[in-house]
Amino acid sequence: EDRVSHRANSIKPSPTLAVSARAAKLKAAGQDILSLSAGEPDFDTPDFIKNAAIEALNAGFTKYTAVSGTPGLRQAIADKFKRENGLEYSLDQILVSCGCKHSIYNLMQATLNPGDEVIIPAPYWVSYPDMAKLAGAEAVIIKTGISQEFKISPEQLRAAITDKTRMLVLNSPANPTGAYYSQDELAALGEVLIDYPHVLIASDDIYEHILWAEEAFHNIVNACPALYERTIVLNGVSKAYSMTGWRIGYAAGAKPIIEAMEKIQSQSTSNPTSIAQVATQAALEGDQTFVSQIRNIFQERHDLILEGLNNIQGIRCAPAGGTFYIFPNCKDIIEQSSQVQNDLQFAEYLLEEGNVAVVPGSAFGAPGYLRLSFACSMDHIREGLKRMEAAVNKLL
Ligand code: PLP
């Protein structure tokens with residue numbers, strides 16, 4: 001299509017959204033499809049958060065705000081960083097955007113030049129490589145597998161850094177694996193990064209609160225405070241407060257970088273939605289019980305799906321430390337079966353023959369795996385496991 005730019009042609013639509021759309025289509029056509037592909041919590045946004053938005057709406061808080069977000073919200077974010085993460089940011093070091101995805105997009109647009117390299121550990125969240133590409137940069141993938149718990153080693157990191165490396169993206173707990181880096185592991189990566197002052201670090205902390213690993217949450221700045229100046233911390237309220245549709249995320253970091261991100265945002269979306277900012281402020285300042293409640297629910301579901309998956313022939317699954325995803329290895333099934341040759345075909349088979357929708361690992365740069373979401377009820381998980389097991393037994 002020659003009316004479309006090279007830029008648009010250079011990227012692909014989000015494969016995870018594509019699976020959800022395909023499952024929804026089959027469902028609408030009357031098929032009994034059970035989806036284990038959701039990318040969002042299955043809970044309603046808490047009432048106190050919704051009410052804050054309703055009050056703001058009724059009070060006429062319906063106009064532009066400062067591009068970077070209201071001072072009230074930025075103060076609530078600064079307080080959150082101090083209270084929960086032990087990190088100090090002034091208000092001009094914080095930018096509120098239309099979802100954490102938008103924060104990451106702004107960051108890459110503001111810091112990457114053509115020819116720059118962005119190191120992305122795989123399995124990765126699908127948007128990182130394409131966002132790097134949209135900024136003209138090149139994604140350099142470090143592969144990890146189940147044997148290293150889907151975490152990069154300091155040696156792998158050192159080997160991947162070149163003169164052209166501009167950024168490392170870290171996401172812990174991670175989509176799609178649920179892998180979580182301990183403070184010691186982050187400190188070891190930090191020791192490598194100290195030697196390369198030209199490398200920025202994007203710390204995507206969006207799953208911070210959906211974590212049941214033995215240790216409390218740490219990001220790389222906690223583990224290695226010397227990296228404060230060149231780490232941009234990215235977070236938001238989508239996952240922790242079940243607010244995916246409100247579209248509020250935020251970034252914190254060195255003032256010149258945040259200012260450049262703000263400039264880019266000022267020429268695209270301007271401020272995020274006014275009433276969603278009020279709701280977010282209420283979420284961050286209010287009672288945090290909801291957050292720990294859903295964390296506990298996700299942990300129970302995780303334990304159920306982990307056990308169920310490991311009981312299916314040919315599937316090997318490592319526990320996740322957090323998130324609402326799990327990433328089973330299906331290589332034995334692919335090897336043994338004559339009918340499916342790879343994870344894409346296996347996911348297709350599960351959808352067609354098993355009526356279960358899952359996302360193939362290839363979408364995340366990890367062939368031979370599947371991503372299953374457990375952002376759904378225990379009954380839904382049990383039924384999904386039953387269908388998967390029956391479909392696999394037919395295959396082997
Ligand atoms: N980062 C990761 C790793 C994610 O999985 C997601 C959502 O799926 C996001 C960022 C984006 O979150 P938001 O809805 O706040 O844009």
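Taking θ as phi - 60° and the Karplus parameters 6.51, -1.76 and 1.60, the scalar couplings of segment 51-59 work out to 5, 4, 6, 4, 4, 5, 5, 5, 7 Hz in sequence order, x denoting glycine and proline. Taking other C-beta atoms within 10 angstrom as a stand-in for reagent exposure, SER97, SER103 fall in the order SER103, SER97, fewest first. Look at where the Cα atoms of segment 315-386 and of segment 1-66 average out, and the two centres are 22 Å apart. Helix 100-111 and the longest principal axis of the C-alpha atoms of the chain enclose an angle of approximately 60°.
Per-residue ellipticity at 222 nm, computed for the chain from helices alone with -39500 (n - 2.57) per DSSP H run of at least four residues, works out to -13000 deg cm²/dmol. Extension gain, ILE54-ALA66: 0.36 nm per intervening residue step, less the Cα-Cα distance, totals 2.3 nm.
Among LEU34, LEU95, what is the fewest-to-most ranking by other Cβ atoms within 10 Å? Show your work: numbers first, answer last.
Values: LEU34 21, LEU95 30.
Ordered by Cβ neighbours within 10 Å, fewest first: LEU34, LEU95.
With a cut-off of 18 Å, note down the residues of segment 288-320 whose backbone N falls inside the zone around a label point 7 Å from the Cα of GLN339 toward its beta carbon. 312-315, by backbone N distance to the label point.
Near the amide H of ILE142, within less than 5 Å, lie the amide hydrogens of ILE120, ALA122, all on another chain or at least 5 residues away, with H placed in the peptide plane. Taking the dipole about the Cα centre of the chain, with the C-beta of Lys and Arg at +1 and of Asp and Glu at -1, give me whichever of ALA21, MET388, CYS317 is farthest to the positive side. Most positive-ward Cα: ALA21. Per residue, the Cα convex hull of the chain amounts to 153 Å³. Taking label points 7 Å from Cα along the Cα-to-Cβ direction, TYR228 and LYS143 give a separation of 4.0 nm.
Taken about its Cα centre, segment 212-274 carries a charge dipole of roughly 240 debye when the Cβ of each Lys and Arg holds +1 and the Cβ of each Asp and Glu holds -1.
Cut-off is 10 Å between beta-carbons; in what order do PHE346, PHE43 appear when sorted fewest neighbours first?
Listed from fewest to most nearby Cβ atoms, that is PHE43, PHE346.
The simple Förster model, with R0 at 35 Å and r as the Cβ-Cβ distance, assigns ASP163 and ASP184 a FRET efficiency of 0.75.
Just so you know, all these numbers are worked out from the coordinates, no wet-lab data involved. All of these numbers come straight from a predicted model, not from anything done at the bench. Please note: Cβ atoms are built from the backbone with ideal geometry, for glycine as well, and neighbour counts cover all protein chains shown.
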